[in-house]
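Beneath this line is the structure, given in structure tokens, with notes to follow.
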Amino acid sequence: MLISIYIPTKNRLDMLQAAIESVLNQTHREVELIVVDDASTDGTKSYLTELAAKDTRVKFLSNSQSKGACVARNMAIKQAQGEFVTGLDDDDEFEPYHIEALINYWSILERSKVVFSSIYVQYKYRNAGLFSYSRKNSSVEYTDLYYANCVGNQLFSTKANYLKAGLFDESMPAWQDLEFFYRFLKLNGAARLLDISSYIFDITPRGDRISRLNKSRILDSYVKFVTKHNLLKNHNVCRELAAQVYSDYYGFKFEPADVGYFLKAGFMPKTVFRIFRDCRDNKAVKYY
């Protein structure tokens with residue numbers, strides 16, 4: 001069974017090499033690795049050219065100008081030849097048994113007649129050589145995403161389900177995973193947890209991780225999310241999603257200027273008051 005794995009990358013050659021190695025060393029050998037180079041300038045294209053010549057499982061696409069991770073993901077998914085698709089960030093890695101375990105669990109769920117659309121796994125967090133582990137819930141419905149992204153950053157599912165959901169929204173400045181998973185689960189059904197830590201998620205602080213510190217980008221993404229999904233009149237949902245913006249994860253404070261920002265964006269005064277009331281003290285939001 002062919003499994004397609006996509007990796008978007010830009011100027012992270014050292015980390016990319018480790019990520020790719022973790023894919024090519026899977027116990028399930030029938031994999032198709034699609035790497036999309038988003039206009040790297042660090043030798044990534046030369047490395048991928050040489051690698052693809054040696055290993056036919058490796059394919060790569062190159063952008064002459066940077067177009068962002070969502071464009072890169074969508075390019076790869078559209079090119080995928082496998083029945084199943086999943087992704088890997090260029091600074092993360094798979095444990096050797098990751099893909100085999102996902103395939104086996106998919107079969108178990110189907111034989112057990114469990115209704116599901118996709119699978120996600122626990123994370124093994126790596127922070128400068130130290131490790132910790134996620135504690136994700138056993139299943140995720142689309143409404144669970146109002147409270148936190150309790151999936152993570154990758155799903156394992158059929159290519160058909162990815163295409164049905166419309167792929168990643170390339171106009172989202174942040175929250176791309178959250179927004180895509182919301183659509184995916186709403187259209188396709190709940191995701192199920194494979195309760196093993198087979199995805200190594202790198203959380204080592206680095207200078208290229210700026211989105212967490214850019215309040216305007218997160219606020220714009222939040223407004224775009226609730227507007228796109230017709231949630232502006234749902235006070236409770238707007239409040240819960242806003243709790244993610246003003247959580248300890250980002251560290252943003254609710255400021256007086258935010259009131260005008262929300263009102264201008266079409267939020268009802270009642271909703272803005274609830275957001276202010278609940279988010280002024282930076283409520284903690286659980287991230288997985």
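Coordinate-derived values only; no laboratory data. Nothing here was measured: the structure is a model prediction, and the numbers come from that model. Cβ coordinates were reconstructed from backbone atoms using ideal geometry, including for glycine residues, and neighbour counts include every protein chain displayed.
Each Lys and Arg Cβ is given +1 and each Asp and Glu Cβ -1; about its Cα centre, the stretch 78-215 then shows a dipole of about 380 debye. Pairs of Cα atoms in the stretch 139-288 fall into 10 Å distance bins, from 0 up to the last occupied one, in shares of 10, 39, 35, 14, 1 percent. Going through (1) 33, 22, 18; (2) 38, 21, 19; (3) 26, 21, 20, the figure that equals semi-axes √(5λ) of the Cα gyration tensor in Å as computed for the structure here is (1). With the convex hull constructed from alpha-carbon coordinates only, the stretch 2-46 shows a mean projected area of 3.0 nm² over all directions.
Inverting the pair-averaged 1/r between distinct Cα atoms of the stretch 1-96 gives 13.0 Å as its Kirkwood hydrodynamic radius.
With the simple model of a label 7 Å out from the Cα in the direction of the Cβ, I203 to E100 spans 2.9 nm. If you sort the three axes of the alpha carbon gyration tensor as a ≥ b ≥ c, you get a/c of 1.5 or more for the stretch 148-209 and a/b no higher than b/c, which makes it oblate. 3J(HN,Hα) along the stretch 218-232: 5, 4, 4, 5, 4, 5, 4, 4, 5, 6, 4, 9, 6, 10, 4 Hz, from the Karplus curve 6.51 cos²θ - 1.76 cosθ + 1.60 with θ = phi - 60°, whole Hz, x for Gly and Pro. Any aspartates and glutamates with Cα under 13 Å of the K264 Cα? List them, leaving off those in the same chain fewer than 8 positions away. By straight Cα distance, K264 reaches D220. A cut-off of 5 Å between modelled amide H atoms, ignoring neighbours fewer than 5 places along the same chain, links F84 with S4, K159.
Apply the a/c threshold of 1.5 to the C-alpha gyration tensor of the stretch 75-192 and tell me whether it is rounded, prolate or oblate. In terms of gyration-tensor shape, rounded.
Note on K224: aspartates and glutamates with a C-alpha under 14 Å away, same-chain residues under 8 apart excluded, are D169, E170, D177, E179.
Close amide H partners of D42, meaning residues 5 or more places away or on another chain with modelled amide H under 5 Å apart, are N11.
Please list, in order, the residues from the stretch 40-60 whose amide nitrogen is less than 18 Å from a point placed 7 Å along the Cα→Cβ vector of L24. Residues 43-60 fall inside that zone.
Counting every alpha-carbon pair across the stretch 58-98, the share separated by more than 17 Å comes to 40%. Along the stretch 126-132 the Karplus relation, 6.51 cos²θ - 1.76 cosθ + 1.60 evaluated at θ = phi - 60°, assigns HN-Hα couplings of 10, 10, 6, x, 9, 10, 9 Hz to successive residues, with x for each Gly and Pro.
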